Structures are given as structure tokens and as C-alpha cells.
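To keep things clear, I will list the structure first and then write my remarks on it.
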């Protein structure tokens, strides 16, 4: 789930951060201790060689390292968590290479068989992506690049 949440936050340019902490951090035995984080809170690691991205505290699957970077404490809305689950489910069905949603073709016919799918106005009729499908629910959380 954290991998999808990282991708969603990056797409939105919104990590819902409430506090950024800079400094030297150590990850040992797969975990990091940050006193400012609460159990169950999401946080972002920035500047790590192996662990950049969104994680849920206490994370236990991190790769051991010492790094100088940032930890962003996040306050992710429940609606984004629900949306992450919906996108994960959609990706499992439609995100495969052989999925009709990812087909570059809007219509096809051969040997008496034909099909047409609706065009995608967002991407000019190209393959439908989770960004296209969930745009209505995502857009209110989007932030312009270069802003907080």
C-alpha cells in the first residue's frame, strides 16, 4: 500500500506533510526510530539510498543504512487511504500489460470479430490509466509544482 501511496502523493505533488525533520538518520534491523511520529502515522523518507518513499510508522521492512536527509511526518486524509485501496484494486484488474484498459487501440476487428472502447479525452484516446479513472477524486488534492 505504501508504494501506491508514494506514487499517488507524487502524482498529486502533495505529501500531506505536517512537519519536516532534517538530519542524520539510522535505520537498523529494518526500522527507524523518530520520536515525533505516532504509531500508524504515515511518513516520507527523502535522501535515503534505499528507503525513499512513504512508509507507515513503525516501519519494519526498511533496508539498513545511515543517511543524511529528511523525514516528513504526514497527516494523510482517510479519503486518500480509501482511494489508495481503490486504485490498488483497479490496478490489479486493469493495470496488466494484457488489459484492455492499457491497450493502445480504441477499436480492432479481425475474422468477423470487432470491438470498440470509449476514447480517453485526457490522454487523447491512448491507454486508460489510474490517473484518468480516478481524476475526479484526485484533483481536489493536487498542488502546483513548486508550492508547499
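The values are calculated or read from the model by the stated rules, or taken from the named source; none is laboratory data. These numbers come from a predicted model, not from an experiment. So basically every Cβ, Gly included, is an ideal-geometry build from the backbone, and we count neighbours across all protein chains shown.
In the set (1) modelled with pLDDT of 90 or more; (2) buried (at least 17 other Cβ atoms within 10 Å of the Cβ), the condition left unmet by residue 128 is number (1). Is it the case that the stretch 4-20 has a residue that's farther than 17 Å from residue 79 by Cα, outside any strand (DSSP E or B) and at pLDDT 95 or above? No, because not a single residue in the stretch 4-20 is farther than 17 Å from residue 79 by Cα, outside any strand (DSSP E or B) and at pLDDT 95 or above. Checking each residue in the stretch 6-26 for being surrounded by 15 or more Cβ atoms within 10 Å (Cβ to Cβ) and either at positive phi or without any contact (Cβ under 8 Å) to a residue 40 or more places away in the chain (or both) picks out 7, 16. Annotation: residue 53 fulfils all but one of (1) under 14 Å from residue 21 (Cα atoms); (2) within 14 Å of the chain's Cα centre (by Cα); the unmet one is (1).
Checked against the criteria, residue 32 does not count as surrounded by 13 or more Cβ atoms within 10 Å (Cβ to Cβ), closer than 30 Å to residue 135 by Cβ and not assigned by TED's automatic domain parsing to the domain that holds residue 134.
Each residue in the stretch 72-87 was checked for being surrounded by 16 or more Cβ atoms within 10 Å (Cβ to Cβ) and either more than 13 Å from the chain's Cα centre (by Cα) or assigned to a helix (DSSP H, G or I) (or both), and 7 of them qualify.
Taking the conditions (1) farther than 29 Å from residue 136 by Cβ; (2) touching a strand residue (DSSP E or B) at 6+ places or on another chain (Cβ under 6 Å); (3) not in a loop (DSSP other than H, G, I, E, B) in turn, residue 34 satisfies each one other than (3).
Within the stretch 56-71, how many residues turn out to be part of a loop (DSSP other than H, G, I, E, B) and either crowded, with 18+ Cβ neighbours inside 10 Å or in contact (Cβ under 8 Å) with a residue 60 or more places away in the chain (or both)? So the answer is 3.
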